[in-house]
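Okay, so here's the structure we're looking at.
What follows draws every value from the coordinates through simple rules; no lab data is involved. The shown structure was predicted, so the numbers you read here are calculated from the model rather than taken from an experiment. Every residue, glycine as well, gets a Cβ built from its backbone with ideal geometry; the counts of neighbours run over all protein chains shown.
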Amino acid sequence: MSDDLDHRTHAYRPDLADIRLRDRVAADRYSEGMPAEVIVPVADVRPKPDAQCSLDTQALHGEAVSVFDISDGWAWVQLSADGYVGYVREETIGQGAGPATHVVSVPRSFVYPGADLRFPHLKVLSMGSRVRVTGEAETRATPYALLEDGSAVIAAHLRPLGEVSAEDAVSVAARFLDTPYLWGGRSGFGIDCSGLVQLALAMTGKSAPRDSDQQAAGLGRAIDPGSDGLQRGDLVFWKGHVGFLEDPDTLLHASGGTMYVTREPLQPAIDRIAKLYGLPTIYRRP
């Protein structure tokens, strides 16, 4: 039995483990996990059932999770999209009424109690959030998508699940310019470097691991800036950081230096970051 599996993507503790790991880890008992989904705009995912722990990542409205345990107001879950494991507050998840049909394709969108933008909004959803559309309506020439509870979203802010929302991940990432940097963030309300890469690629139909070290290890293919050259969409990795190339000389990234999503000339960024974290470790082409 092994105890060296990555806890970020393998659900196992001494007392409980994912049944798929039965032959790989020792635990008192094993579980298949119960299906559920996120029912709040953003659910914070933490490494421990402790609100004082820093964020590992976030799960967005409508995303599917497997629930392995619920105790003292915390649920131990695994996100279906990228396999990330962690703890969320119990009230942030629930049983869905059916599969999601659409995904939010703009950085942020309001949910109204009905098909009228003059109504006070109920909540705000981030790009990547999933909803179930059950009907449509139009008010003053504005089309709305109606959700299962009667609430409404601007129809133009949604795309059917499975339909690619954009062809260019860099253009998606650029829509988040000036969005606040948030360690572990993965939404239009706050986002970190690898969260920006993951979310932007997802909107182009490409999956990516959550964390920058996971992305550096196997996202796309490694390239040599000298022999391969650099182009738009390439990824530059440092130890603990990643950013898109908007063009061979411009970096677009969620920066802990500015504390927001920013663009800056690549070489000055390399020089600045090198003082703290060294030179880039690898370049990859998704």
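List of remarks:
- Debye, to nearest 20: dipole size of the range 198-284, +1 on Lys, Arg Cβ, -1 on Asp, Glu Cβ: 240 debye
- Gyration tensor (alpha-carbon) shape descriptor, the range 169-285, a/c threshold 1.5: rounded
- Modelled spin labels at residue 72 and residue 142, positioned 7 Å past Cα toward Cβ, are 4.6 nm from each other.
- Counted by neighbouring Cβ atoms within 10 Å, the residues 193, 53 run from fewest to most as 53, 193.
- Evaluated with a Cβ-only charge set (Lys, Arg +1; Asp, Glu -1), the chain carries a dipole of roughly 340 debye about its Cα centre, given to the nearest 20.
- In the range 36-126, taking the dipole from charged Cβ atoms about the Cα centre, the farthest positive-side position among 74, 58, 47 is held by 58.
- Size of electric dipole in the range 102-160: Cβ of Lys, Arg +1 and of Asp, Glu -1, about Cα centre, debye, nearest 20: 240 debye
- Inter-part distance where the range 85-132 and the range 175-217 are each reduced to a Cα centre, Å: 19 Å
- Each label point was placed 7 Å from the Cα along the Cα-to-Cβ direction; for residue 121 and residue 267 their separation is 4.2 nm.
- Taken one residue at a time, the phi angles of the range 42-49 give Karplus couplings (6.51, -1.76, 1.60, θ = phi - 60°) of 9, 10, 6, 10, 10, x, 9, x Hz. Gly and Pro are set to x.
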